[in-house]
1. Using a Gaussian network model of the chain with C-alpha springs under 10 Å, which one of 223, 33, 64 is most mobile by mean-square fluctuation?
2. How large is the accessible surface per residue of the chain, computed with a 1.4 Å probe and reported in Å² as a whole number?
3. Put a dot 7 Å past each Cα toward the Cβ at residue 22 and residue 158; how far apart are the dots in nm?
4. For residue 107 and residue 206, FRET efficiency with R0 = 41 Å and r from the beta-carbon atoms, rounded to 0.05?
5. Assuming a ≥ b ≥ c are the square roots of the Cα gyration tensor eigenvalues, decide whether region 85-236 counts as rounded (a/c under 1.5), prolate (otherwise, with a/b larger than b/c) or oblate.
6. Label-point separation (nm) for residue 81 and residue 96, each offset 7 Å from Cα along Cα-to-Cβ?
7. Tell me, what % of the accessible area of the chain is carbon and sulfur with a 1.4 angstrom probe?
8. Report, in debye and to the nearest 20, how large the dipole of the chain comes out about its Cα centre when Lys and Arg carry +1 and Asp and Glu carry -1 on their Cβ.
Amino acid sequence: MPARLDVRWTVCLLAATLLAGCNTVQEGSVLPWFKVRTSTSPKIGGLADRTTTTTYYVRRSGFWRQIDDEGVGGATIINPVTIAYFDHGRARMIHEGDAEAVFVCGEGLAGASFPQGAQVVDCVTVVAGPAAAVATTVRFRRIGATGQVVNDKTIATDGPSRVFLQPMVTFYDATARAYLVTINRESSEAPECAIVAVDADDVSFTPGPPGMRARDCSEADGWSALLGRPIRRRDR
């Protein structure tokens, strides 16, 4: 789960002018060997907007050393010796004792998510579609903590005029099964949503109930009732 950051100190930057601001630094330990530091600078008049920078540190040979990555947000524990985080929107993974992280989903654009308790990273990349973020075919890969590929499937939508709601996992159930959602892109009011369950052996499509509204396609409750098992959004 994402680590919580504790405020360790606040550094006020005093200037000789009236445009003085206050730079807030938050630092939190994710694991004994990995920590995150987030620095937020204030908006100062019309000269500079508020900016946030996240940096990552590993403990090696008794000392904290900064990794040459910058990201947004915290980090996710995969297991006690493995951490995942985002560097400029791309998922990276690092192990205790390493000085540098690896791109867990590759260096291209991919939707990455972390099923709770599964000790894996799920990567979804667009294979085909009318636009970079509008996919008719995706590749789903489940990557283990040591970098091994646990599951690798190419998944096409379930009919013409259909696309994936988003090119990444939308839901998980208690067994860490991944679910994506497809829609009819030619119908905005009733997009004929279907949910796609990705198992180790196969992929199954379940159509939503007739008249399902567009806003309900990305909500877990309706799908949970239809599937007969509770599911949750990937970020909860």
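The values are calculated or read from the model by the stated rules, or taken from the named source; none is laboratory data. Here the structure is a predicted model, which means the values were calculated and not measured. For neighbour counting, all protein chains shown are included, and Cβ atoms are generated from backbone atoms with ideal geometry for every residue, glycine included. The area values use the complete protein model at the heavy-atom level, side chains included, leaving out ligands, DNA and RNA. Shrake-Rupley method; radii C 1.70, N 1.55, O 1.52, S 1.80 Å.
1. 64
2. Working: 12610 Å² over 236 residues.
Value returned for the chain: 53 Å² of accessible area per residue.
3. Here the answer is 5.3 nm between the modelled labels.
4. Details: r = 34 Å, r/R0 = 0.83.
Computed FRET efficiency for residue 206 and residue 107 comes out at 0.75.
5. On the way: a/c = 2.18, a/b = 1.61, b/c = 1.36.
Prolate.
6. With each label placed 7 Å out from Cα toward Cβ, I get 0.7 nm.
7. Details: 6600 of 12610 Å².
The value for the chain is 52 percent carbon and sulfur by accessible area.
8. On the way: 25 positive and 25 negative charges, 107 e Å.
Magnitude of the dipole: close to 520 debye.
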